[in-house]
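Please read the structure below before turning to the comments.
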DNA sequence: AAAAACAAACCGACTGGTCGGTTTGTTTAC
DNA sequence: GTAAACAAACCGACCAGTCGGTTTGTTTTT
């Protein structure tokens, strides 16, 4: 009986991502999600306590994905890590363009909803801390120029987010993958010691 | 009767900004806006054709504000303009912290609604063009290092937006005014020829 | 091995309430 | 007096969430 249950839950999540992205958290109704997932409302409330609980589950899944990719880069040296991130940008842009409205939705909900805010802010601060430590290590190693790791971390994250936002607003306004690659090159070049 | 009418309209807009920011476009109802503005629904629909029309009016007003500040910097030299922007960051951060969810709301709605998208994308492209031309001029003048003006423009806008976003998510997580100042210093220093 | 007992998964009609928008009637200004 | 400005009652559609009942699969008993 477990297999069917898992499948249903996966289908709900899949439809939820699709519909929250397309219409927003408020506008995407539970009825819509159920219809899209091909299940009943009863099944929905069997798997999730509330609409918000589903949203939090989505957030959790998304964070797990990021955690995995961060974990994967744990073994590398500092410049290697940054090189990897730089090279991953086009891929991120490409894949994020679909999930991005969803990401923005998290952001917006977090700024309004205490529960969602707390679920968002902890991992955000954790990533920031990790990034800052990485840069600090790079500076201490001598592979980076002397910068304030705290600020540099915020700057890098800002760039990534800003580019994603722009690519969301105007997908055909520029070759975003190219812009992303060049932008991060500019940033990293300014950071790496020659 | 014109005076009272203008006052009512101004009150509707004021309440709309407040409530759209606080609850989002969908969640902020016309009833809520009317109640907050201290008017009736009849008065609302006398002044605005629809909820969306009000939203577009808000966008229009916001764009006019930006236009004015861009116009004000038309007279300056290129490095002067950038210096001004750099110094304006703390002010922007400070004032935007309340209006930012509204700004994000525009973004999100634009990614879903054709009408709002068209009202957003034209000025966005115009600003980008203006910014690119500014950097190009700076490069040609010799005051900037050799960069692709297109990319540099996107990068600068990205940084600004990313910082605003981060400050929205975690207002007390950092001294954002300081981070903004330092970040733009980093960027401009990398751009200006010494 | 078959029946009985059980529990998880699921269904869909229903509820109380809210939504954007309309209609109808009243007030206010000129 | 008449037209713009506003108020209030109202409409059908839709919302998140509930609930009594049904199906489906597993475990226990015989």
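The values are calculated or read from the model by the stated rules, or taken from the named source; none is laboratory data. Source: prediction; values computed, not measured. Don't worry about glycine lacking a Cβ; one is built from the backbone with ideal geometry, like all the others, and counts go over all protein chains shown.
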Q) Can you tell me which residue in the stretch A:170-194 is nearest to the other protein chains (Cβ to nearest Cβ), limited to those that are part of a loop (DSSP other than H, G, I, E, B) and within 20 Å of the chain's Cα centre (by Cα)? A) A:170
Q. Any idea which of B:179, B:157 is farther than 18 Å from residue A:169 by Cβ and assigned by TED's automatic domain parsing to the domain that holds residue B:60?
A. B:179
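Rundown of residues vs (1) in the same structural domain as residue A:187 (by TED's automatic domain parsing); (2) more than 16 Å from DNA strand C (Cβ to nearest atom); (3) over 30 Å from residue A:185 (Cβ atoms); (4) over 16 Å from the mean Cα position of the chain (by Cα), yes/no style:
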{"position": "A:16", "(1), (2), (3), (4)": "no, no, yes, yes"}
{"position": "A:56", "(1), (2), (3), (4)": "yes, yes, yes, no"}
{"position": "A:75", "(1), (2), (3), (4)": "yes, yes, no, yes"}
{"position": "A:83", "(1), (2), (3), (4)": "yes, yes, no, yes"}
{"position": "A:94", "(1), (2), (3), (4)": "yes, yes, no, no"}
Q) Is it fair to say residue A:58 is at pLDDT below 95 and either within 16 Å of residue A:113 (Cβ to Cβ) or loosely packed, with under 14 Cβ neighbours inside 10 Å (or both)? A) yes
Q) Restricting the stretch B:19-29 to residues that are surrounded by fewer than 17 Cβ atoms within 10 Å (Cβ to Cβ) and in a helix (DSSP H, G or I), which is nearest to DNA strand D (Cβ to nearest atom)? A) B:23
Q. Can we say residue B:39 is assigned to a helix (DSSP H, G or I), surrounded by 18 or more Cβ atoms within 10 Å (Cβ to Cβ) and within 16 Å of DNA strand D (Cβ to nearest atom)?
A. no
